[in-house]
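Read the structure below first, then the notes.
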Amino acid sequence: MCLICDRIKMIREGRNPYFVKELETGYVVIGDHQHFRGYTLFLYKHHGDKTELFHLDKAEQVRFTGEMISVAEAVSRAFGAEKMNYELLGMGDAHLHWHLFPRAEGDIGDYGNKGKGPVWWYPMEKMYSDGNRPAPRELEDMKRRLLAELEAEGV
């Protein structure tokens, strides 16, 4: 089973502390590491052979990407993003899932091009350090804020 499927199983069993909300096509979860405050994932509900957006039928493509856009807007409002970054990669976990990064000037320090550039220009060992895991109270606050924005948007 893949890591995303494991996380979805935890959601379904009520054991994923990062879970925010279930939507028609996927699950909204706060990221485990919060160097980019408000980092959120949108996990597609199904795995199987649907590992690319073009594997989905046209109606499902529209629903999945439409919901991702709504989640990104809610993340932006909840965490005051200056800009949103979106990633749908899949070389590590081939299960469809969006990475939604709220960005702010200076969030990659002196890395990149004078402190500007994609999230992957920030060192992974710093981004994924245990010091970037939200404390339980902080996590609950983040989930509450994001859920309020999702519900305000009617998602």
Does TYR44 qualify as being crowded, with 17+ Cβ neighbours inside 10 Å, of a type outside the set (A, V, I, L, M, F, W, C), over 19 Å from ARG145 (Cα atoms) and out of contact with any Phe, Trp or Tyr (no Cβ under 6 Å at 6 or more places or on another chain)?
yes
Could you grab me the full set of residues in the range 141-155 that are at pLDDT 95 or above and either loosely packed, with under 13 Cβ neighbours inside 10 Å or small (Gly, Ala, Ser) (or both)?
ASP141, ARG144, ALA148, GLU151, ALA152
Residue set ARG7, ARG77, ARG37, ARG15; condition under 27 Å from TRP121 (Cβ atoms), part of a loop (DSSP other than H, G, I, E, B) and basic (Lys, Arg); output residue ARG37
I'm trying to understand the selection: among the residues of the range 35-82, which are under 18 Å from ILE4 (Cα atoms) and basic (Lys, Arg)?
LYS45, LYS50
Criterion first (surrounded by fewer than 16 Cβ atoms within 10 Å (Cβ to Cβ), at pLDDT below 95 and under 18 Å from TYR86 (Cα atoms)) does GLY117 satisfy it?
yes
Being out of contact with any His (no Cβ under 9 Å at 6 or more places or on another chain) and closer than 20 Å to PHE79 by Cβ is the filter here, so list the residues in the range 118-130 that pass it.
PRO118, TRP120
Looking at (1) outside any strand (DSSP E or B); (2) under 27 Å from PHE54 (Cβ atoms), which is the only condition MET84 fails?
(1)
For GLY154, only one of the following conditions fails: (1) closer than 17 Å to LEU23 by Cβ; (2) more than 17 Å from the chain's Cα centre (by Cα); (3) in contact (Cβ under 8 Å) with a residue 60 or more places away in the chain. What is its number?
(3)
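The values are calculated or read from the model by the stated rules, or taken from the named source; none is laboratory data. Keep in mind it's a predicted model, so treat the numbers as computed, not measured. Using ideal geometry, Cβ is built from the backbone for each residue, glycine included, and neighbour counts are taken over all protein chains shown.
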